[in-house]
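Read-outs throughout are calculated quantities, based only on the coordinates presented, and are distinct from any laboratory measurement. The structure displayed is predicted, hence computed values, not measured ones. Virtual Cβ from ideal backbone geometry, glycine too; neighbours counted across all protein chains shown.
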Amino acid sequence: MRYELGTEARLGRIDTPHGSIETPEFLPVGTLATVKGLMPKQLEELGVQGMLSNTYHLFLRPGSDIVEEMGGLHKFMNWKRPVMTDSGGFQAFSLGAARQLGIGKIGVFPGNGADISLKKGDAYKPLAHIDEDGVVFRSFLDG
């Protein structure tokens, strides 16, 4: 990936193997690798240059094995243009802290109704382990 500034007016371009994104750009968020209500072809017709997804949510559902079996995220999404993913770290830590401290409205996961309330003894099990090799997540859905 390469980022190039065009002028001092904050215009630029992000070049990726899947295409370029002229900046500034509003990118739709497909948290689970899809933008609700629009097909990939429709997004292309609208001139969408890229899409954002969430690594943590994709890890939980459908899971990295399924994405890999489909040939990677682009093929899984049926999307040929650039994709950016965030680390999911915010979700791992915010959902973990919310569960541990009993704050927020965490309790039932909206996607499938799974009860994610704390089980006895789970309060201090970390949802993520970080070391020099990266991050390993534990699902807040099923531990």
Would you kindly state how much longer the chain becomes between V29 and R13 on full extension, computed as 0.36 nm times their sequence separation minus their alpha carbon distance, in nm to one decimal?
3.8 nm
Fewest-first ordering of R61, R81 by Cβ atoms within 10 Å yields R61, R81
For a quick check: sort M39, M77 by the number of other beta carbons within 10 angstrom, fewest at the front.
M39, M77
Nothing charged except the Cβ atoms of Lys and Arg (+1) and of Asp and Glu (-1): what's the magnitude of the dipole of segment 1-67 about its Cα centre? Round to the nearest 20 debye.
240
The residues Y3, Y56, sorted from fewest to most surrounding Cβ atoms within 10 Å, come out as Y3, Y56
